[in-house]
1. Excluding ligands, DNA and RNA, what is the solvent-accessible area per residue of the chain at a probe of 1.4 Å, expressed in Å²?
2. With only alpha-carbon atoms counted, please give the Rg and Dmax of the chain, in Å.
3. Using per-residue counts of other Cβ atoms within 10 Å, averaged over each peptide, order 279-290, 246-257 from highest down.
4. Over the chain, what percent of the accessible surface lies on carbon and sulfur atoms, probe 1.4 Å?
5. What percent does the relative contact order of the chain come to when contacts are Cα pairs within less than 8 Å and at least six residues apart?
6. Go through the stretch 183-192 residue by residue and turn each phi into a ³J(HN,Hα) via Karplus (6.51, -1.76, 1.60, θ = phi - 60°); whole Hz please, and just put x for glycine and proline.
7. For the pair ALA97 and THR282, what calculated FRET efficiency results from E = 1/(1 + (r/R0)^6), where r is the Cβ-Cβ distance and R0 = 45 Å, to the nearest 0.05?
8. Please give me, ordered by residue number, the trypsin sites (Lys or Arg not before Pro) of the stretch 36-107 that lie in loop per DSSP and have at most 12 other Cβ atoms within 10 Å.
Amino acid sequence: MEFRIATKNDASAWDDYVSTHSGGLAYHRFAWKSAVSEAYNFESRYLIAERNERICGVLPLIVFKRPFSVPSYVSLPYCDIGGCLADDEYVMGLLLAKAKDLAAADRAVRVELRTGTKIAGVDEDLTSCQKVRMILELPTSAETLLKSLKSKLRSQVKKPLRDGLTFQLGGSELVADFYQVFAENMRDLGSPVHSRRWIESIVKNYADNARVGLVFTPENNLAAAGIILMNGDTVSIPWASSLRRYNRQNPNLLLYWTFLSFAADQGYRYFDFGRSTPGEGTYKFKEQWGAKAAPLQWFDLLHDASGISSTSSKNMRTLVERVWSKIPLSFSLFIGPLVRRYISL
């Protein structure tokens, strides 16, 4: 068996492996690496395991380095899940060992893996399972999906359309409009916003495996926006935003319904709603569609330490969020991307 670091020439073979692997998601695709490099200039160590010149495992790693600090490896930053994909546990074990060797050579202090499955040799009690992914198994059509919804939600889904809200689905031509909604919503939530270049790089590199969606009010005002990414049999939604001043018109419901309709009608089997905290508002919103919780397991491969935050750091984050949500939008657009690139969540 041979191990090496992937180059651009491996992109197609890498994606072929990811798209057919049962655990492969859009974030594992080579496009994530390309976008991280283009938008934020971080290096990567995308590891390939080969047996008889055939890929039998991959491990995507980003060399994540904040100013005046030593680097960490993250698999993967800016999303819920990354980690290793392999034919079996033996190959996975070898890839993880190789990652430790590379980390030592780069003097990386952490190798953070974000996975959705238990890793052999890692104590499950030492992983962080406070967050879950919400996964919906899709029927074969949007019509069947609509019929499966509870009557109250079905009525709520139809109401925005009856009220004259409209939806547009496209690609890179919609990024500017998406970012307008995204940036304001992130400010209101008290979170630094990603750079527009990051969003542009994602949509460009994912190409036909990305869709941008916009929701408009009857007056043609932008009210909600989102992005979905596709891989294999799964659609993932990394970003969805709506503007608070239009909440009464339920544009967020129309946004999600249209993405779900697209996924079902295009033959995808699963819709990944992304990360949530059990019992909180976003969890309940996703659960109402029929989504089921799947634990997320984040851990440091070098120290077997979980990524669970302390109470004090959570309290500090809450305070920062409150302050950030009050700053002018123009200031958040300027300073937010400078900060956000160094936040791996």
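1. Details: 16320 Å² over 345 residues.
Computed with neighbouring chains in place, this is 47 Å² per residue.
2. 20.2, 61
3. Numbers: 279-290: 15.1, 246-257: 20.7.
Per-residue mean Cβ counts within 10 Å order the peptides as 246-257, 279-290.
4. 49 percent
5. Values: 658 pairs, mean separation 80.8, N = 345.
Answer for the chain is 23 percent.
6. Taking θ as phi minus 60°, the curve returns 5, 5, 5, 4, 4, 5, 7, x, 10, x Hz for the stretch 183-192.
7. After rounding, the FRET efficiency stands at 0.75.
8. Of the trypsin sites (Lys or Arg not before Pro), the ones in loops of the stretch 36-107 whose Cβ has at most 12 other Cβ atoms within 10 Å are ARG107.
The values are calculated or read from the model by the stated rules, or taken from the named source; none is laboratory data. In this text the structure is predicted, and so the values were computed from the model without any measurement. Note: ideal-geometry Cβ built from the backbone for every residue, glycine included; neighbour counts use all protein chains shown. All accessible areas refer to the heavy atoms of the entire protein, side chains included, with ligands and DNA or RNA removed. Shrake-Rupley method; radii C 1.70, N 1.55, O 1.52, S 1.80 Å.
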